[in-house]
Amino acid sequence: MRFQFHPRVVRQALMVGLVALPLALSAQTAPAPADLTWRSANDAVGQYKRGHADVLKWENSHLPPAPDPQLQPDSLALLTPADAVRQAWLAHPDLVAPLLRLGPANVDLIASGQWLKLDPGLLRRVDDMDEVLKVAVQGKAAWLDAVAARQVLKQHRDALEATEAAAELGQRMVRVGNWSPLQQTQVQLAQTSAQATLRRAQYAAAQAQARLIRTLRLTGLHASVALADQLPDVPAQTLAPSEWQPRISVVRAELPRVERMHNQANLQLALEAYRTSHALARGARDEVLKVREFITEETVLHYNGMLKSVWDLLGEVRNQSQATVDAIGAQRDYWIAETDLQWVLQGGTPESFVTLGSGGGGDASAAAGH
């Protein structure tokens, strides 16, 4: 499921206010024909079941998609986690031998994150397989961070767009005497805050992209890479014990005694992070965001009906934007925790585990010690 924030609907609702403002102010003195024109316009909108909101939704659904500036013809595209994993392997020539020994089928399973389908005996038969898995984890985690930061950046751009429309509306209302300069300062502060948040998100996205490039050893070759628009969706269910318990018993039999003890402790930590992150991601997506979407839609309707103020609308824009950012962070945390668990089930030893709730644009992989 894609976390969707609809700033155009909010912005267009505010622009309705921009258009209607001079008409509403002149209605007291305008002649009858002008009044009839304004009334007929409202009657036309009234033909839609939900008034302005339906008009705005129609316009939004028919607007052409904006071109993606990242997709340059000569850019390196890493559109899936598997792309990042394979690129990470390319940066380590010393892994060519173990990758050839694993064979194309096993390499595909590792790159696509299907590690439970691997033969446990590969740990013993293929030298440096642990390094193959470690590099795969590092590349995937860096990719997840970069994609999440890009998603968060888009959310904050959208939120700024809505506050800019509100600021324009406020300026016009001050000019015609409907607002005081003091009222306008509240919108100005909201716009300034949104601009600052956007700058922080831009910096976080740039840092995440730089970490990805460093991790993949692309420094000097590519200043940036094209990424997916969004993270992979979170599955409905977590892995059942029956899917991993038999396997870990076989894997531990291949490990030295000290490593078996470490693996047992790591498994408990990995499972806790995995299950908790899954519950948080699903809750953010299936509960919080759905409620926020309903509240925002109702707020826009009430604003169009002059039952809510600009402050109410802007406040809900901030609330939904933050809820979306939190959901993106939870989604990213889940995939990092899931990757850690799969690594542990192969006998791997992460230095630490993901810090849940570190924010959609944060460095979760660095916090996790990857």
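Between the stretch 247-320 and the stretch 335-355, what is the separation of their alpha carbon centroids in Å?
18 Å
Rounded, prolate or oblate: pick one for the stretch 160-269, where a ≥ b ≥ c are the square roots of the eigenvalues of its C-alpha gyration tensor, a/c under 1.5 means rounded, and failing that, prolate if a/b is larger than b/c, else oblate.
Here the stretch 160-269 falls in the prolate category.
Treat each spin label as a single point 7 Å out from the Cα along the C-beta direction, and report the ILE295 to HIS222 distance in nm.
3.9 nm
For the stretch 170-310, what does the relative contact order come out to in percent, with C-alpha contacts under 8 Å and a separation of six or more?
Result for the stretch 170-310 is 12 percent.
No lab work stands behind these numbers, since they all come straight from the coordinates. As the structure is a prediction and not an experimental result, all values here were calculated from the model. Here the Cβ is made from the backbone with ideal geometry for all residues, glycine too, and neighbour counts use every protein chain on show.
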